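To start, I am sharing the structure in question, which I have written as structure tokens.
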Amino acid sequence: MEVKILADAETLAKAVAEAWMQRATQHQATRPWSVALSGGSTPRALFLLLAKEPYCAKIPWERLIAFFGDERSVPPDHDDANVRMARQTLLDHVPMPYHRMPADTGGAKGYAALLEKHLPLNEEGVPVFDLVLLGIGEDGHTASLFPGTEALTETERWVVMNDVPQLDTQRMTLTFPVINAAREVWVLASGKSKQKVVDGVFQSSEAAAAYPITSVDPKQGNLVWWLDRDATTTENR
Ligand code: 6PG
């Protein structure tokens, strides 16, 4: 695991955009470079940047393919839809093919089949992303894997509709088997509101044991935490 701590949210977005560009341009395989996009405020800043120069011109967008890590059960043009945010900030501005998660109609099985069709499979038959982008919530959730929910223990399915009683809703989400099969997983967090949860994870606090984010553990891949200074007190200890 690697932890990168950048000065502020802007510097963080730039560092992640540079790393994204490096991975995507160095990708040699004939199949596309695949990424699972996340919702939330930190990816938003990243997507806005990627849609601008130099990234929009230098990244071979047609040779990438994007999926989503999670989606709220709303139509794609709803204010809360992760795909809407991703379209407004990035997907409408670059020619990257993408597949939205149909959480409004509930097609988890179909979405898993899409992953199996487009991504290479590991020896256990799990689709392997080149990159999974994740955020982290103040309750330790990641993607739509919330504390105490059923999807946390899923081992057979790559995509599920997860009941989230604490939000009185259902969300579609990737599950840990597919997240942990990725070549790289980047957890992005910025701002003081994340400090408690991020510090809890790094200090293995008692509360952190219940944080779903602690189950992110790519078996054969790299896990990188991209943080800004406000998101952790780690380096000051
Ligand atoms: C979503 C997400 C979710 C998010 C975290 C952090 O759909 O909300 O994918 O897992 O990444 O809640 O969100 P913020 O960066 O907005 O705090």
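Values quoted throughout were computed directly from the atomic coordinates according to the rules given, and no laboratory measurement underlies them. Quantities reported herein were computed from a predicted structural model and do not represent experimental measurements. Here the Cβ is made from the backbone with ideal geometry for all residues, glycine too, and neighbour counts use every protein chain on show.
Working out 0.36 nm times the residue gap between Lys52 and His118, then minus their Cα-Cα distance, what length gain in nm do you get to one decimal? Don't jump to the answer; show the numbers that get you there.
Details: separation 66, 0.36 × 66 = 23.76 nm, distance 2.71 nm.
Full extension of this stretch gives 21.0 nm more.
Pop the C-beta distance of Met1 and His93 into the FRET formula with R0 = 25 Å and round what comes out to the nearest 0.05. Provide the component values of the computation, followed by the final result.
Values: r = 33 Å, r/R0 = 1.30.
The computed FRET efficiency comes out at 0.15.
Of the peptides 22-32, 136-146, how do they stack up when ordered by the mean number of other Cβ atoms within 10 Å, highest first? Can you show the working numbers first?
On the way: 22-32: 12.6, 136-146: 23.7.
The packing order, highest mean first, is 136-146, 22-32.
Under a plain spin-label model, where a point goes 7 Å from the Cα along Cα-to-Cβ, how far apart in nm are Ser215 and Leu152?
Here the modelled spin labels are 0.7 nm apart.
Please state the shape class of the chain: rounded when a/c is under 1.5, otherwise prolate if a/b exceeds b/c and oblate if not, all from the C-alpha gyration tensor.
On the way: a/c = 1.35, a/b = 1.06, b/c = 1.27.
Because its axes are fairly even, with a/c under 1.5, the chain counts as rounded.
Which whole-angstrom value gives the distance between the alpha carbon centres of the range 27-49 and the range 130-147?
15 Å
Using the Karplus equation 6.51 cos²θ - 1.76 cosθ + 1.60 (θ = phi - 60°), what ³J(HN,Hα) coupling, rounded to whole Hz, does each residue of the range 97-107 give in order, writing x for Gly and Pro?
Computed from phi, the couplings for the range 97-107 are x, 8, 10, 6, 7, x, 5, 6, 10, x, x Hz.
Report the charge-dipole magnitude of the range 154-237 in Debye, nearest 20, computed about the Cα centre from +1 at each Lys and Arg Cβ and -1 at each Asp and Glu Cβ. Mind dumping the intermediate values first?
On the way: 9 positive and 11 negative charges, 39 e Å.
Roughly 180 debye, rounded to the nearest 20.
Using a ≥ b ≥ c from the Cα gyration tensor of the range 114-226 (square roots of the eigenvalues), is it rounded, prolate or oblate, where a/c under 1.5 gives rounded and otherwise the larger of a/b and b/c decides, a/b for prolate? Intermediate values should be presented prior to the final figure.
Values: a/c = 2.01, a/b = 1.34, b/c = 1.49.
Judged from the Cα gyration tensor, the range 114-226 comes out oblate (a/c at least 1.5, b/c at or above a/b).
For the chain, what does the helix formula give at 222 nm: sum of -39500 (n - 2.57) over DSSP H segments with n ≥ 4, over the residue count, nearest 500 deg cm²/dmol? Numbers along the way, then the final one.
Working: 7 runs with 60 residues, N = 237.
Here the helix-only value at 222 nm equals -7000 deg cm²/dmol.
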